[in-house]
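The structure appears right after this line, and notes come after that.
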Amino acid sequence: MKVTAADVTDRDAAREMLPELRKNNPELTLMWADIAYTGLTGWARNELDLTFKVVKKPPNQVGFKVCPAGGSSNDPCPG
């Protein structure tokens, strides 16, 4: 487990933590993330050989939605 300071953005923390996560888990090839991680897809692909997909919520969704297990690489949160 790693903890970052409250003033560190999710995106900045990911740049710090993902290289070690990828190194220790080479089977990890695909990650889904929320919109806070926008801008990391190219970096993750080029630096970590990791497919990083930002999942956007539907335009009519209000608030947070828990996605059921069983999503796919095309639709991580069916609904």
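Where a number appears in this text, it was derived from the coordinates with a stated rule and is not lab data. It should be emphasised that the depicted structure is a prediction, and the values quoted were computed from it without experimental measurement. Glycine also receives a Cβ, built like all others from the backbone with ideal geometry; neighbour counts cover every protein chain displayed.
What's the ranking of 43-49, 5-11, 53-59 by average number of surrounding C-beta atoms within 10 Å, highest first? If you can, show how the numbers build up before the last one.
Numbers: 43-49: 14.0, 5-11: 9.6, 53-59: 11.4.
Answer by packing, highest mean first, reads 43-49, 53-59, 5-11.
Fewest first, what order do Phe64, Phe52 take by the number of other Cβ atoms within 10 Å? Don't skip to the answer; put the middle values down first.
Working: Phe64 7, Phe52 19.
Ranked by crowding around the Cβ, least crowded first: Phe64, Phe52.
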